[in-house]
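Bear in mind these aren't lab numbers, they're just calculated from the coordinates by the rules spelled out. All values derive from a computational prediction rather than experimental measurement. Reconstructed Cβ throughout: ideal geometry from the backbone, glycine too, with neighbour counts over all protein chains shown.
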Amino acid sequence: MDVEGNVQRIVVPTPLPLGGTNVYLIEEKPYTLIDTGPDTETTRADLQIGLGKIGLEMKDVERIVLTHGHVDHCGLAHEFANICNPEILAHEKDRDTIEDFGGAIEKRFMECSDLLSSTGAPPQTFQVIREFLDFLDSLTHPCKVTKTLKDKDKIEFESGAFEVLYTPGHSSGSISLHSEDVLFSGDALLVENSPCSVFGGADKKSVGLDDFLESMEKLSKLEAKKAYPGHGEPFEKVNEKIEGMKKAYESRKQTILDYLEKEELTAFELMNRVFGIMSIEQVLMGLGEILGHLEILAEDKAVETKEKEGLTYYKV
Ligand SMILES: [Zn+2]
Ligand SMILES: [Zn+2]
């Protein structure tokens, strides 16, 4: 299958700090979109323009594959469901956020509340995180997943197929797709950011940085020549980028160990030491990354934890 000859990239805007989301149309029957972008007027308009340049309309889309259940990727899927009822495919573990983002996030937030309050973050941080999650909820609409995907499933086209790779860590149900040496990585490889995970453990409980790293390993085994990510420009030398991300992870881990050798800190104090002043949108990511590292370091017994007045302190 000539994937490169048949892929059309449409960049749609998002109101989030990371900028645009990549939507890919595979110009082969059945016409398939990989992700849709968020549910905003500007996304809808830009998607219509992008499809129009290829000679298509929204109603021509026959199938949508969602790389994961974050609103900047799946928010507009419901619109297609209303217009032309395409097949909508996603991994089982992100079905909840696609079908009911508000409810799923509420549940996750409750489940994580003990962990979050043990980090030592001031109560107003949680309020701000809540408000941010409500804002994210406004960028999507519930949409039924018509078929769930699992690792190694095939997505068939007229002249070939994509294989599904289960790559959790960024979200519990993140998937990547590949065909021969071309990879669609969703947010499993965010090369312009440091390694990050946002409570995306496969078990839906852990922060999931360990799963994120394992997924990177899995993707590196493909030795893909070209990757089409969820954000930013498509890139070549995929394994070099993965190596770069792994190095960034190791250097962040060392920074954390250096701080914890000097003093005992909560996750929130550690986050402030490592990242300095952060914007509100970044706190959730920052805390997620720090907790991800601490989860792994505690498991490896590289750091000790101590509970004091409801807070967890870490020390080498
Ligand atoms: Zn994402
Ligand atoms: Zn994204």
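Pairs of Cα atoms under 8 Å, at least six residues apart: use those to get the relative contact order of region 67-210, whole percent.
26
Give me 303, 207, 128 ranked fewest to most by other Cβ atoms within 10 Å of their Cβ, as a rough exposure proxy.
So the ranking, lowest neighbour count to highest, is 128, 303, 207.
With contacts defined as alpha carbon pairs under 8 Å and 6 or more residues apart, what's the relative contact order of the chain in percent?
14
Would you mind calculating the relative contact order of region 197-262 from Cα pairs under 8 angstrom and at least 6 residues apart, reporting the percent as a whole number?
The value is 17 percent.
For a quick check, take a GNM of the chain with Cα springs below 10 Å and name the residue from 95, 130, 63 with the largest mean-square fluctuation.
Looking only at 95, 130, 63, the largest GNM fluctuation is found for 130.
Suppose we flag GluC sites (Glu not before Pro) only when DSSP calls them loop and at most 10 other Cβ atoms lie within 10 Å. Which is the longest uninterrupted stretch of the chain?
1-157
Calculate, for residue 106 and residue 282, the FRET efficiency according to 1/(1 + (r/R0)^6) with r their C-beta to C-beta distance and R0 25 Å; round to the nearest 0.05.
0.65
Under 10 Å, Cα contacts only: if you run a Gaussian network model on the chain, which one of 50, 75, 103 comes out with the highest mean-square fluctuation?
Maximum fluctuation in the GNM of the chain, among the listed residues, is at 103.
Given that compact globular proteins tend to follow 2.2 N^0.38 Å, what is the ratio of the alpha-carbon Rg of the chain to that value?
1.01
Give me 143, 74, 84, 112 ranked fewest to most by other Cβ atoms within 10 Å of their Cβ, as a rough exposure proxy.
84, 112, 143, 74
In a Gaussian network model over the chain where Cα atoms closer than 10 Å are linked, find which of 81, 248, 267 has the largest mean-square fluctuation.
Answer for the Gaussian network model of the chain: 248.
Which residue, chosen from 220, 71, 287, occupies the Cα position most advanced towards the positive end of the dipole of the chain, where the dipole is computed from +1 (Lys, Arg) and -1 (Asp, Glu) charges on Cβ about the Cα centre?
Final value for the positive-end residue is 287.
Nearest 10 degrees, 0 to 90: what angle lies between the long axis of helix 41-53 and the longest principal axis of the chain (Cα atoms)?
Relative to the chain, helix 41-53 is tipped by roughly 40 degrees.
Across the Cα atoms of region 1-109, what radius of gyration and what greatest pairwise Cα-Cα distance (Dmax) are found, in Å?
Calculated on Cα positions, Rg and Dmax stand at 13.6, 43 Å.
What distance in nm lies between label points placed 7 Å from Cα along the C-beta direction at residue 248 and residue 82?
That separation, rounded to one decimal, is 3.7 nm.
Give the angle, between 0 and 90 degrees and rounded to the nearest 10, that separates the Cα long axis of helix 123-137 from the longest principal axis of the Cα atoms of the chain.
The angle comes out near 0 degrees.
Calculate, in whole percent, how much of the Cα-Cα pair population of region 207-316 lies beyond 17 Å.
60
From the alpha carbon gyration tensor of region 86-172, can you work out the equivalent ellipsoid semi-axes (sqrt of 5 times each eigenvalue) and give them in Å, largest to smallest?
33, 15, 10
Taking the Cα atoms of region 208-251, report the difference between the largest and smallest coordinate on each principal axis, in whole Å and largest first.
Sorted largest first, the three principal extents are 24, 19, 18 Å.
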